[in-house]
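What follows is a short report on a single structure.
The values are calculated or read from the model by the stated rules, or taken from the named source; none is laboratory data. For clarity, every value in this text was computed on a predicted model and none was experimentally measured. In case anyone asks, the SASA skips ligands and DNA or RNA and just uses the protein heavy atoms, side chains included. Shrake-Rupley method; radii C 1.70, N 1.55, O 1.52, S 1.80 Å.
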Amino acid sequence: QVQVVESGGGLVQPGGSLRLSCVVSGSGFRIMTMGWYRQAPGNQRELVARITSGGSTNYIDSVKGRFTISRDNAKNTVFLEMNSLKPEDTAVYSCNAKLNRSDYWGQGTQVTVSS
């Protein structure tokens with residue numbers, strides 16, 4: 001059974017940085033496409049960044065140049081490095097793992113950008 005657990009959220013000032021981590025238990029991590037999503041109050045959930053099993057990445061325009069997604073297959077972990085954070089980045093960030101036709105979600109971690 002696949003389980004997804006995020007960590008690393010918190011309160012940070014505008015311009016600051018955070019690194020989110022997502023650990024996936026179970027088999028198949030190496031062939032999973034991994035994504036970070038976020039949802040702010042009153043907004044729909046949106047895909048922030050995605051990394052394929054081959055390491056290809058894509059980002060929404062609003063985070064390009066500021067966020068970096070990466071993965072460590074030896075540790076079944078995907079990271080989201082977030083720099084130059086803005087108040088509009090405030091949201092619950094959730095990790096998604098796609099394997100074949102199945103989706104697995106973590107519980108989410110709160111990121112708040114505020115002075």
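Entry comment: accessible area of the chain is 53 Å² per residue, from protein heavy atoms only and a probe of 1.4 Å. Of interest is the spacing of the C-alpha centroids, which for the range 1-17 and the range 25-96 amounts to 10 Å.
Here the Debye sum runs over all C-alpha atoms of the chain as equal scatterers in vacuum, and log10 of I(q)/I(0) at q = 0.15 Å⁻¹ comes out as -0.59.
When the accessible area of the range 4-107 is computed with all protein chains present and a 1.4 Å probe, what percentage of it is carbon and sulfur? Solvent-exposed carbon and sulfur of the range 4-107 make up 46 percent of the total.
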